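Okay, structure first, notes after.
The values are calculated or read from the model by the stated rules, or taken from the named source; none is laboratory data. Values in this document were obtained by computation on a predicted structure and should not be read as measured data. As a convention, Cβ positions derive from the backbone with ideal geometry for all residues, glycine included, and neighbour counts pool all protein chains shown.
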Amino acid sequence: MKRIALLIAVLAGLSVSACEDGGPSDECVPEPMCTPECPEGYCGDDGCGCPCPACPAGLKCRDQQCVCGICGGDCGECPEIEWISVEQGTFSMGCKADAANVDKICGTPDVLPPHDVSVPAFEIARFETTAALYAQCVATGACLASNTLGSSATGNNPNLRDHPINHVKWFDAEAFCMWIGGRLGSEAEWEYAARGTDGRYYPWGFAGPTCRTAWTGVDGCSINMTHPVGTMPGGKSPWGVDDMAGNVAEWVADHCHTEGYQGAPADGSAWTKEGGGLCRVFRGGGFGAGLEEARSFNREFMSGDLTFKDVGIRCFR
Ligand SMILES: [Ca+2]
């Protein structure tokens, strides 16, 4: 199907990505009309090498093939996702502490200054994406298999189906959320969903994690591995979302802005930038998190083409 579409596109003289083969598209700046067809962010032989739009609706281009993009029909039955509605509202994003405690509470300047953000209504998945759900997406070809080399990888362990998928790239997270008809959340949406409007540091309040609120490394609550999603009911966010702190940290849509929030959008949208590079943000801390990483305003940064044992996926729409 792809080859036919490619031929048609070439005959029609459609523009081709300006990227060189193999380069990450946000560095080599594909032509704008190609972007929606290249959800995994690669151009050339590593992905979006085809002229765009080259794939029929519901499909996407990867490795110069049209593959499943969105569930339904030949692209697999759409899974049941429990979505939680989050009302629009304004909250103070970032770390707020009195002058004497800024260093102790806030830690690093990337969480400063606190600033008001007005977030439109959205929906968030109540649970982190499980290994079972991710496997359904892989089976359709819409998602690539997770990295299963590590001993704590959940992607190929039949005993860990109800654990969060881990060892996924940012591009894998984006592909999964697209497959279920959703998207990655912005940092602002994520933080608002985690801590609401009263300025709390954690989903449940101001006190640090315990073994009743979050799967983190604090007090040895987690033994260096993931746990079944939704098994820390004492740690729900104000909206009723599970595991916003701990278990696995969660990729969000934003590019990295490690210098702080100066210039950040105030409308709840993702803070991306032209030529923003591969670096992406993840939130909430994982099973190895300490007090700081588990805080809802904490930000962590990593190249989107790397994977880690306690970084996974949560979808929004
Ligand atoms: Ca989590």
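List of remarks:
- Residue-level analysis places K309 outside the set of residues that are basic (K, R) and modelled with pLDDT under 95.
- Selection count where residues are within 15 Å of C78 (Cβ to Cβ) and aliphatic (A, V, I, L, M), scope segment 139-154: 2
- Residues of segment 275-287 that are more than 16 Å from the ligand (Cβ to nearest atom) and either among the aromatic types (F, W, Y) or surrounded by fewer than 14 Cβ atoms within 10 Å (Cβ to Cβ) (or both): G275, G277.
- When residues in segment 176-185 are screened for being outside any loop (DSSP other than H, G, I, E, B) and either of a type in the set (G, A, S) or under 25 Å from V111 (Cα atoms) (or both), 1 of them pass.
- All positions within segment 120-142 that are of a type outside the set (S, T, N, Q), touching a residue at least 60 places away in the same chain (Cβ under 8 Å) and either part of a helix (DSSP H, G or I) or crowded, with 24+ Cβ neighbours inside 10 Å (or both): I124, A125, E128, Y134, C137, A139, A142
- Test: residue in segment 156-164 that is within 16 Å of the ligand (Cβ to nearest atom), in a loop (DSSP other than H, G, I, E, B) and surrounded by fewer than 24 Cβ atoms within 10 Å (Cβ to Cβ): yes
- Of residues in segment 227-237 being part of a loop (DSSP other than H, G, I, E, B) and more than 10 Å from the ligand (Cβ to nearest atom), the one surrounded by the most Cβ atoms within 10 Å (Cβ to Cβ): S237
- When T272 is tested against (1) assigned to a loop (DSSP other than H, G, I, E, B); (2) of a type in the set (V, I, T); (3) within 16 Å of the ligand (Cβ to nearest atom), only condition (3) is not met.
- Counted residues, segment 291-312 - those being within 14 Å of the ligand (Cβ to nearest atom) and not in a loop (DSSP other than H, G, I, E, B): 3
- Residue match in segment 75-92 (condition: crowded, with 18+ Cβ neighbours inside 10 Å, within 26 Å of S303 (Cα to Cα), more than 16 Å from the ligand (Cβ to nearest atom) and of a type outside the set (S, T, Y)): no
- Restricting N247, N224 to those that are at pLDDT below 95, at positive phi and part of a loop (DSSP other than H, G, I, E, B) reduces the list to N224.
- Unmet requirement for D116, which otherwise passes all of (1) part of a loop (DSSP other than H, G, I, E, B); (2) more than 21 Å from L184 (Cβ to Cβ); (3) charged (D, E, K, R): (1)
- Any hit, segment 238-249, residues being away from the ligand (no atom under 16 Å from the Cβ), closer than 17 Å to E187 by Cα, among the aliphatic types (A, V, I, L, M) and out of contact with any helix residue (DSSP H, G or I) (no Cβ under 6 Å at 6 or more places or on another chain): no
- Of the candidates A188, A145, A173, A253, the single residue that is modelled with pLDDT of 95 or more, among the aliphatic types (A, V, I, L, M) and assigned to a loop (DSSP other than H, G, I, E, B) is A145.
- Residues located in segment 229-266, provided they are under 15 Å from the mean Cα position of the chain (by Cα), under 19 Å from V117 (Cβ atoms) and not small (G, A, S): M244, E250, V252, D254, H255, C256
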